[in-house]
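Read through the structure below, which is laid out as structure tokens, and then see the notes.
The values are calculated or read from the model by the stated rules, or taken from the named source; none is laboratory data. What you see is a predicted model; the values in this text were computed from it and never measured. Please note: Cβ atoms are built from the backbone with ideal geometry, for glycine as well, and neighbour counts cover all protein chains shown. Surface areas here come from the heavy atoms of the whole protein model, side chains and all, with no ligands, DNA or RNA. Shrake-Rupley method; radii C 1.70, N 1.55, O 1.52, S 1.80 Å.
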Amino acid sequence: MAQRKTRKRYIMSRHEEIFKTVESLRWNLGDRLHDDAVEAIYAEAARISARSVTVAGEAKRPTFDQTLDRLVTNRWMGIPMMVLILAIVFWITIEGANIPSAFLASILLDAFHPALKQFGDNVLMPWWLSGLLFDGIYLAMAWVVSVMLPPMAIFFPLFTLAEDFGYLPRVAFNLDSLFRKAGAHGKQALTMAMGYGCNAAAIISTRIIDSPRERLIAILTNNFAICNGRWPTQILIATIFVGSLAPAAFSGLVSSLTVVAVVMIGVLTTFVVSWGLSKTILKGEASFFSLELPPYRPPRIWQTIYTSVIDRTLIVLWRAVVWAVPAGAVIWLVSNIHVGQESLAEHAVRFLDPVGLAVGLNGVILLAYIIAIPANEIVIPTVLMLTVLVARMAGVGVGAGVMFELDSELATAQVLKAGGWTLLTGINLMLFSLLHNPCSTTLYTIYKETGSAKWTTLSAMIPLALAFLVCFAVTAGWKIFG
Amino acid sequence: MNVSWEIIVLILALIAVMVLVPRSDFLARWRGSHRDEPRILREDALKHIHHCEYSGVPCTLDSLAGALGLDRNRTANLLDELVGRKLIAYNGMQLSLTESGRNYALSVVRVHRLWERYLADETAVEELRWHEEAEKQEHRLSAEDAESLSRRLGHPLYDPHGDPIPSQGGVVPEPKGKPLQAFGQGEVVRIVHVEDEPASVYAQLVEAGLFPGTTIKIAGSGPEKIIVVKEGKSIGLTMNLSANLTAVRVPPAQFKKEQRTLASLDLGVSGVVSRISPACRGLQRRRLMDLGIVPGTVIEAEMKAVGGDPTAYLIRGAIVALRRDQARLVYLEEERATS
């Protein structure tokens with residue numbers, strides 16, 4: 001027994017001795033252990049490759065790549081070329097999406113929706129059930145699909161093709177000096193461009209930025225690139241309220257210039273907010289810049305279409321549809337549940353009106369932005385439905401809680417002006433649509449990507465606060481100078 | 001109706017401010033107002049005495065009062081308390097740590113230096129705020145926290161100023177190197193330690209680009225000024241600056257390896273990497289090495305972006321763009337690459 005105890009004590013003292021030795025030896029190791037390990041790995045890799053890899057011919061870059069790169073980074077040619085290529089991509093997207101969009105709308109909205117309603121009547125479904133299911137949920141879903149799917153299915157493959165060819169990294173390369181001044185990464189140019197298609201997809205695409213700080217900046221500011229759900233709003237309002245001020249011959253041009261101005265305000269806001277973020281809350285986040293410029297290669301067309309449709313379009317569309325279901329239900333319910341003489345929607349609009357009017361909007365617009373948060377595509381239909389509901393206009397629209405759009409801009413203008421809209425309302429709506437919080441699909445994606453409630457909250461609150469602030473300032477200025 | 005809206009808006013604005021500026025000076029000062037807590041004072045006192053012992057300077061009641069910013073009465077009370085806790089002992093007029101006092105002091109110093117290393121490696125918090133942040137953090141983290149932080153950082157040996165981080169068992173090596181004034185003209189030395197207090201002197205050293213690990217040549221040494229050469233530029237250091245630098249002698253060949261940087265490479269020309277600057281730390285350093293930028297790598301400048309920055313480099317068969325600020329941190333051998 002006693003012997004065992006001494007033995008144990010002996011082992012303990014040996015342990016301590018060894019630990020002491022280890023601790024004193026650590027200091028001889030030096031502080032460059034990581035560096036040394038990486039250097040040794042590269043030295044070993046270089047030795048192995050030198051022994052076993054033979055390179056046929058010259059190891060230089062292909063002259064084709066060099067020539068193209070010289071052209072792309074040319075002081076005079078680089079930027080105009082980029083603008084031209086992006087303009088072509090956007091033009092194909094907008095023009096090309098019209099046809100399938102109209103086709104989908106004619107099937108899902110014009111043919112299938114009445115058929116469903118008819119079916120409800122045939123099986124003696126109570127009016128509220130058929131209203132909730134078909135006018136609320138189905139319609140919101142169908143609307144999102146028909147407006148969202150075609151532009152994404154065109155834009156994303158085109159974008160991915162340019163990426164696959166190797167052109168997009170060069171764009172980031174050229175624009176980096178601009179973004180560097182705002183504390184951001186050149187690749188943010190690409191995620192911004194992606195945002196003009198869909199902010200949710202753009203948030204996923206910020207994965208290409210490997211530096212934590214710059215990636216967060218790209219995520220938090222992506223909202224200021226107007227997505228394809230907001231383009232129609234911008235174009236419609238610009239046409240109705242601004243274009244109509246100009247002589248008929250120029251009204252088209254004036255409306256287009258207005259939309260371009262809104263986009264430019266968005267770009268400017270992106271830079272200002274990026275700069276502000278990098279100087280304040282993101283100041284301490286680790287940051288690193290590197291940008292690989294892969295060799296040019298012929299794009300793999302089928303593979304690209306497949307991956308961009310599966311990875312980008314369908315995932316985003318699925319998330320939007322999932323969010324559209326509750327939104328459709330809410331939109332229908334608030335318009336049809338009555339408290340006292342009025343529906344919930346009317347109560348809410350009355351409640352929101354003071355705030356809305358203070359920032360040059362109105363209660364209808366604010367309510368529409370709250371209940372249509374799943375997708376910007378359904379904001380205008382909801383606005384129209386609510387305007388008609390609140391103003392109790394007879395003969396317009398299809399009933400309480402049923403979203404609709406009017407065939408002509410003139411008819412839309414009449415409804416909106418009857419709802420009390422002015423030029424100021426129009427301008428503020430365009431600004432609000434540009435700056436306000438991202439849709440819930442995007443917010444959900446931000447939460448998935450950052451895994452943080454804090455960044456998700458901030459990415460909703462910063463734009464929202466900015467939107468209210470800007471609209472308020474514009475309204476105040478308008479009242480003072482107008 | 002209107003009043004309630006104003007209240008709601010005000011509350012929202014307040015929340016926004018709280019979320020947006022969590023590190024503002026106002027809040028920091030409010031948080032820092034608990035500094036008078038007895039435990040924090042005790043720990044700061046032990047740290048000061050340890051610092052004196054380590055650097056071989058006598059430590060007295062007056063020096064401690066000065067370091068803590070207390071009057072003599074309160075300092076005396078504090079010392080009595082420390083003696084009562086058997087953490088320190090009087091040695092004539094001088095103060096010294098007992099065994100348990102030394103272990104306590106080392107555990108506080110360990111957290112301080114680990115935290116500075118963490119800020120340097122894993123965040124973009126600027127150099128001048130490292131010390132201040134670590135001063136707060138050293139009183140908050142437990143020994144277990146410190147151990148897990150150390151593990152996360154890969155068990156670093158030195159803090160970013162070149163001070164050794166005491167090991168878990170409280171082992172600290174003897175200080176190495178000599179003050180810069182001890183070296184003569186023409187000698188090539190490597191800085192091993194930069195004292196971070198007082199902050200104004202440290203700010204000037206950071207501004208001059210002098211970090212632990214920087215190699216410099218002493219070009220001139222006079223009674224008032226030392227002139228050193230770094231990356232081909234002369235820097236004049238007054239005595240209060242050079243007194244805060246400790247250095248060791250290195251072979252003169254080292255100096256030649258740190259005179260040219262990647263940023264000076266002309267398009268179409270290649271160079272051989274000699275070293276990554278010690279100013280490049282943590283994530284920055286790891287990523288550069290991951291790209292294959294290690295001593296001996298041949299790099300060719302390929303093209304510049306439309307605005308002239310960044311520049312694309314051919315590194316091990318891949319084209320990688322780096323910004324000028326990064327290229328400045330990669331040293332090249334003086335002679336051109338032959339291949």
- Read through the list (1) more than 7 Å from chain A (Cβ to nearest Cβ); (2) touching a residue at least 40 places away in the same chain (Cβ under 8 Å), then give the number of the only condition that B:Leu322 fails. (1)
- Query: With (1) surrounded by 15 or more Cβ atoms within 10 Å (Cβ to Cβ); (2) farther than 23 Å from A:Ser256 by Cβ as the list, and A:Thr425 as the residue in question, which single condition is left unmet?
  - Reply: (2)
- Selected residue [assigned to a helix (DSSP H, G or I), exposed (fewer than 13 other Cβ atoms within 10 Å of the Cβ), within 37 Å of the chain's Cα centre (by Cα) and away from every other protein chain (no Cβ under 13 Å)] from A:Leu109, A:Leu71, A:Leu104, A:Leu84: A:Leu84
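Can you report the number of residues in the range B:137-150 which are within 14 Å of chain A (Cβ to nearest Cβ) and either in contact (Cβ under 8 Å) with a residue 40 or more places away in the chain or under 22 Å from A:Asn28 (Cα atoms) (or both)?
Residues in the range B:137-150 being within 14 Å of chain A (Cβ to nearest Cβ) and either in contact (Cβ under 8 Å) with a residue 40 or more places away in the chain or under 22 Å from A:Asn28 (Cα atoms) (or both): 2 in total.
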- Exclusive hit being over 30 Å from A:Gly397 (Cβ atoms), open to solvent by less than 40 Å² (accessible area, probe 1.4 Å) and either more than 14 Å from chain B (Cβ to nearest Cβ) or without any contact (Cβ under 8 Å) to a residue 24 or more places away in the chain (or both), set A:Gly96, A:Gly78, A:Gly120: A:Gly96
- Reported set for the range A:166-178 where residues are part of a helix (DSSP H, G or I) and either open to solvent by less than 10 Å² (accessible area, probe 1.4 Å) or closer than 14 Å to A:Met82 by Cα (or both) is A:Tyr167, A:Leu168, A:Pro169, A:Arg170, A:Val171, A:Ala172, A:Phe173, A:Asn174, A:Leu175, A:Asp176
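Looking at the range A:431-481, which of its residues are polar (S, T, N, Q), open to solvent by less than 30 Å² (accessible area, probe 1.4 Å) and part of a helix (DSSP H, G or I)? Before you say what the answer is, go through the steps one by one.
If we filter the range A:431-481 for residues that are polar (S, T, N, Q), which is where we start, we get A:433, A:437, A:440-442, A:445, A:450, A:452, A:456-457, A:459, A:475.
Still in the running and open to solvent by less than 30 Å² (accessible area, probe 1.4 Å): A:433, A:437, A:440-442, A:445, A:452, A:456, A:459, A:475.
Of everything in the range A:431-481, those that are polar (S, T, N, Q), open to solvent by less than 30 Å² (accessible area, probe 1.4 Å) and part of a helix (DSSP H, G or I) turn out to be A:Ser433, A:Ser440, A:Thr441, A:Thr442, A:Thr445, A:Thr456, A:Ser459, A:Thr475.
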- Item | Selection count where residues are without any contact (Cβ under 8 Å) to a residue 24 or more places away in the chain, over 18 Å from the mean Cα position of the chain (by Cα) and more than 18 Å from B:Ile11 (Cα to Cα), scope the range A:455-481 | 6
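Take B:Pro295 and decide whether it is assigned to a loop (DSSP other than H, G, I, E, B), within 13 Å of chain A (Cβ to nearest Cβ) and surrounded by fewer than 20 Cβ atoms within 10 Å (Cβ to Cβ).
Judged against the criteria, B:Pro295 is a match.
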- Does B:Tyr313 qualify as being open to solvent by less than 30 Å² (accessible area, probe 1.4 Å), assigned to a strand (DSSP E or B), away from chain A (no Cβ under 12 Å) and under 30 Å from B:Gly154 (Cβ atoms)? no
- Query: Got a number for residues in the range A:343-352 being within 11 Å of another protein chain (Cβ to nearest Cβ) and within 28 Å of the chain's Cα centre (by Cα)?
  - Reply: 1
- Message: Among the residues that make up the range B:105-128, is at least one of them of a type in the set (Lys, Arg) and surrounded by fewer than 20 Cβ atoms within 10 Å (Cβ to Cβ)?
- Response: no
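Residues are listed down the side, and each one gets a yes or a no for (1) modelled with pLDDT under 90; (2) within 14 Å of chain B (Cβ to nearest Cβ); (3) on the phi > 0 side of the Ramachandran plot; (4) in contact with a Leu (Cβ under 8 Å, 6 or more places away or on another chain):
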site	(1), (2), (3), (4)
A:Asp135	yes, no, no, no
A:Met141	yes, no, no, no
A:Val145	yes, no, no, yes
A:Met148	yes, no, no, yes
A:Pro151	yes, no, no, no
A:Phe156	yes, no, no, no
A:Glu163	yes, no, no, yes
A:Pro169	no, yes, no, yes
A:Asp176	no, yes, no, yes
- Message: Please pick out the residue among B:Val189, B:Val201, B:Val206 that is in a helix (DSSP H, G or I), under 28 Å from B:Leu332 (Cα atoms) and modelled with pLDDT of 85 or more.
- Response: B:Val206
- Task: Tell me the helices (runs of 4 or more DSSP H) entirely within the range A:231-342 that contain at least 2 residues that are within 14 Å of chain B (Cβ to nearest Cβ), open to solvent by 10 Å² or more (accessible area, probe 1.4 Å) and over 22 Å from A:Cys198 (Cα atoms).
- Result: A:248-279
- Query: Here are some conditions: (1) within 14 Å of another protein chain (Cβ to nearest Cβ); (2) touching a residue at least 24 places away in the same chain (Cβ under 8 Å); (3) open to solvent by 50 Å² or more (accessible area, probe 1.4 Å). B:Pro251 meets all but one. Which one does it not meet?
  - Reply: (1)
- Message: Only one of A:Ala97, A:Ala37, A:Ala46, A:Ala50 is of a type in the set (Gly, Ala, Ser) and within 41 Å of the chain's Cα centre (by Cα). Can you tell me which?
- Response: A:Ala97
- Within the range B:69-116, track down each residue that is assigned by TED's automatic domain parsing to the domain that holds B:Ile40 and within 21 Å of B:Trp130 (Cβ to Cβ). B:Gly69
- Message: For the range B:150-168, give me each residue that is in contact with a helix residue (DSSP H, G or I) (Cβ under 7 Å, 6 or more places away or on another chain) and open to solvent by 50 Å² or more (accessible area, probe 1.4 Å).
- Response: B:Gly154, B:Gln168
